[in-house]
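The values are calculated or read from the model by the stated rules, or taken from the named source; none is laboratory data. Nothing here was measured: the structure is a model prediction, and the numbers come from that model. With ideal geometry, Cβ positions are generated from the backbone for all residues, glycine too; neighbour counts draw on all protein chains shown.
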Amino acid sequence: MNSAMATDRVEAARQAPATTPPVIAARDLSLTYEATDGPVQALSGIDLDIQRGEFVSLIGPSGCGKTTLLRVIADLETASAGSITVNGVSPQEARLNRSYGYVFQAPALYPWRSIAGNVGLPLEIMGYPKAERRERVEKNLALVNLTGFERKFPWQLSGGMQQRASIARALSFDPDLLLMDEPFGALDEIVRDKLNEQLLRLWDLTRKTVVFVTHSIPEAVFLSTRIVVMSPRPGRIHETIPCDFPRDRTLDIRETPEFLEIANRVRHGLREGHSYE
Amino acid sequence: MTESKRPPSDFPDIFSRGEKGAAMADAATLPAMRARRGGASRFFAALWRGAVGPIVVVCAAIVALWYLGAVLMNADLQRSAFENAGRKSWTTAELVAGTLSQERPKLPAPHQVAQELWKTVVDTPATSKRSLVYHGGVTLSATLLGFLFGAGLGVGLAVLIVHVKSLERSLMPWIISSQTIPIIALAPMIVIILNQLDITGIVPKAAIAAYLSFFPVTVGMVKGLRSPDPLQLDLMRTYSASQAQTFWSLRLPACVPFLFASLRVGVAAALVGTVVAELTQSADGGFGARLLAGSYYGQTIQIWAAIFAAAACACALIAAVALADRIVARRMGYAR
C-alpha cells in the first residue's frame, strides 16, 4: 500500500508541471536591505518552483535567508530584484486573496482571546458568518487534537498545544498554501516528533502545499518531499534534494538507510554551503 | 540554661521562627527584666511578620511623629498663651496637653483632625454647607466630569498620534509643554476665559480636571496601542486586515492594561485639578473652597480635615478604577 501511494505521488509530481502552473515560482529573486553598516544582501539569485501538493523544507544555518524567503512569499517583505509569483499572481495579490496561512516561530496567540477566539480570528477578519465560524473552529481544533480547549486562554496551554492552536488558526480559512516558519523550533524533541507526525497526517489529509522553514535535518527529511538547502552571505539556494518517502510515513523511517542517506546528503550540502571566512 | 545558645539579641524571632518554643522557655527561666525585653521583642517581631502588622507599625510611627511634631511646633504658641493668661509657671504635662488642644494650632494633633472629620462628615447633615459630604459631592462631580472629558480626550489624541505619523511630531511637544505649566498659575486663566464665554458652574472646574488627567491617559494609550509585537502585527497583515480591523482586534485589546494603569494616575490628577480650580472658583464650595476658607481664617484643623477627606476620595476613585480593571482583566483572560 505504501509503495502504491509512493507511485501515486511520483505520478502526481510528474504530471503537475504539465497540467497546473507552480504554486510558487521565483526567478532570480534578490533582496537587499540597508543596515546601519551598509547594505546587506539577504537573498541572491533565488530560482525556485514549488508545485501543488508538495511539502518543501527550506533548511540552512541562521542568516541564510530562509525566513526572509518565506516572508517574501507571504508579502511581509518585498524583493528588490527578480520576479516571484504565488498562485500565478504577485505575492501582494495572493495575500489580498488570502491564499496562504502563515505559522510563525512563536504561537503569537492573542492573550485576551480564548483558544476558540484565536482560531476564529482570521474568520472574523475575513467576514465569515457566525455559524460557519463556529463550525470551522470546531473542525480545525479537532484536526489538531484540541477539542475541549475552546474556552481556555492561551496561558492555560502548554507551548506545544499553543503552537497546535496557531496551526489550527492558519488552517481555519482553508488556504491551499501553508507557510510555516520554524513552527516547532522552541519545543522539546519529544513534543516536536509528535507534532511532526501530526503535521504530516494533516498534510496528507488536506493535500495542501506546505513551505516549511527549519534548521533541523531530521525534521526536514522526515516531513518533506523536497529539501532546499540554503547557504548564507548572501542567502542563496545551494542544492535541492528530492525526498520521496510515502505520504503516510511514520517516525520509524528515521532508522532506515534511505532516510540516513538523505540526511547525510543534506548535512553535506549544509557543510559545503557554509563557509567560515 | 540555654543562655550560651541564644545570643542576647532583641529580635531573634525574625531569623529563627522555629525557636519560638525555646524562646518561651527562656522567658520563663530568665530574670524578670530579660523576660520583659524578650517579650517586647517577640511582640514587635510578630507584628512585622503578619499582613496587617507592617501597616499598623507604619501608621503608629506616623501618628507618633505627628504628635511629636504637633507638640514641638505648637509649644511657642502655648507658652505665650500661658503668659498672656498671666501664668508664671507651668508643668511640662500642662504644656504638652495645651499644645494638643489649641483652637488654631500651627499643626493640629491627629485626634483634633479626627474629631473635626467626625463632626463635619457624620454629625452635620449632608445638605449643610458645613458638611464635608456636601463639599465632597461638589468636588467629586466636577472630578468625574473632568475625568470623563480628560480620558476621552486622552484616548482620542492617542489614537490620532498612533495612526497619523506627522501628528506625533506636531502634537506631542504641545501635549508635553501643557503639563510643564504649573496648574495653579493656569487655573484662574481658564476659569476667567470660560466665564467670559458664559461657561460657568461645573464645566470650568471639570475643564481643569480634564487638563491634568488627559496627559497620563494619552501617554499610556500611545504606549499601549503600540504594544503589539511585530509578530502579532504580521499576523494581521497575513489576513490582509484593514487598519480599522487591526485597531479593533489587536491594538485596542492589547492596550487595555496600559489604559487602566494610566486611568489610575488620571483619576487622581483629575481630583487635584478640581481642588485647584475650586481655589479660584470657591463660591460653589468643594474641598478647594474649604481649604481656602480655612487658610483665610487660620482654621488649620479645618484645612487638615479637608486634606484628609480629599485624599480619601482620591483613594476611593483609584480603588474604583482598580476594581474595573480587575473585572475587565478577568473577562479578557489576563487574570490568572
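Quick grid of which residues meet (1) in contact (Cβ under 8 Å) with a residue 40 or more places away in the chain; (2) of a type in the set (A, V, I, L, M, F, W, C):
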residue: B:245; (1), (2): no, no
residue: B:250; (1), (2): no, yes
residue: B:263; (1), (2): yes, yes
residue: B:266; (1), (2): yes, no
residue: B:273; (1), (2): yes, no
residue: B:284; (1), (2): yes, no
residue: B:291; (1), (2): no, yes
residue: B:301; (1), (2): yes, yes
residue: B:304; (1), (2): yes, yes
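Among the residues of segment A:106-142, just one is of a type in the set (S, T, N, Q), touching a helix residue (DSSP H, G or I) at 6+ places or on another chain (Cβ under 8 Å) and within 13 Å of chain B (Cβ to nearest Cβ), namely A:118. How do the pairs read when you match residues in segment B:88-101 that are of a type in the set (A, V, I, L, M, F, W, C) with residues anywhere that are in a loop (DSSP other than H, G, I, E, B) and at pLDDT 90 or above, using Cβ under 9 Å and keeping only pairs 6 or more apart or on different chains? Short answer, once both residue conditions are applied: B:100/B:108; B:100/B:109. Restricting attention to segment A:68-77, does a residue exist that is without any contact (Cβ under 8 Å) to a residue 60 or more places away in the chain and more than 11 Å from chain B (Cβ to nearest Cβ)? The answer is yes, given that some residue of segment A:68-77 is without any contact (Cβ under 8 Å) to a residue 60 or more places away in the chain and more than 11 Å from chain B (Cβ to nearest Cβ). Would you say residue A:209 is among the polar types (S, T, N, Q), over 17 Å from residue A:110 (Cα atoms), within 14 Å of the chain's Cα centre (by Cα) and at pLDDT 90 or above? So residue A:209 passes the test. Taking segment B:232-248 as the range and being within 9 Å of another protein chain (Cβ to nearest Cβ) and surrounded by fewer than 19 Cβ atoms within 10 Å (Cβ to Cβ) as the test, the residues that pass are B:234, B:237, B:240, B:242, B:245. Report yes if some residue within segment A:143-165 is free of Cβ contacts under 8 Å to residues at least 24 places away in the same chain and within 10 Å of chain B (Cβ to nearest Cβ); otherwise report no. Taking every residue of segment A:143-165 in turn, at least one turns out to be free of Cβ contacts under 8 Å to residues at least 24 places away in the same chain and within 10 Å of chain B (Cβ to nearest Cβ). Residues in segment B:187-231 that are of a type outside the set (D, E, K, R), within 14 Å of chain A (Cβ to nearest Cβ) and not in a helix (DSSP H, G or I): B:227, B:228.
The rows are residues; the columns are (1) touching a Gly at 6+ places or on another chain (Cβ under 6 Å); (2) surrounded by fewer than 21 Cβ atoms within 10 Å (Cβ to Cβ).
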{"position": "A:105", "(1), (2)": "yes, yes"}
{"position": "A:113", "(1), (2)": "no, yes"}
{"position": "A:119", "(1), (2)": "no, no"}
{"position": "A:131", "(1), (2)": "no, yes"}
{"position": "A:134", "(1), (2)": "no, yes"}
{"position": "A:140", "(1), (2)": "no, no"}
{"position": "A:145", "(1), (2)": "no, yes"}
{"position": "A:153", "(1), (2)": "yes, no"}
{"position": "A:158", "(1), (2)": "no, yes"}
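Restricting the search to segment A:80-100, which residues are loosely packed, with under 14 Cβ neighbours inside 10 Å, away from chain B (no Cβ under 13 Å) and of a type in the set (A, V, I, L, M)? A:81, A:89 - these are the residues of segment A:80-100 that are loosely packed, with under 14 Cβ neighbours inside 10 Å, away from chain B (no Cβ under 13 Å) and of a type in the set (A, V, I, L, M).
For the residues A:175, A:246, A:234, the requirement of being part of a loop (DSSP other than H, G, I, E, B), surrounded by 16 or more Cβ atoms within 10 Å (Cβ to Cβ) and touching a Phe, Trp or Tyr at 6+ places or on another chain (Cβ under 8 Å) singles out A:175. Scanning segment A:174-213 for residues that are of a type in the set (D, E, K, R) and under 24 Å from residue A:158 (Cβ atoms) yields A:181, A:182, A:188, A:189, A:192, A:193, A:194, A:197, A:201.
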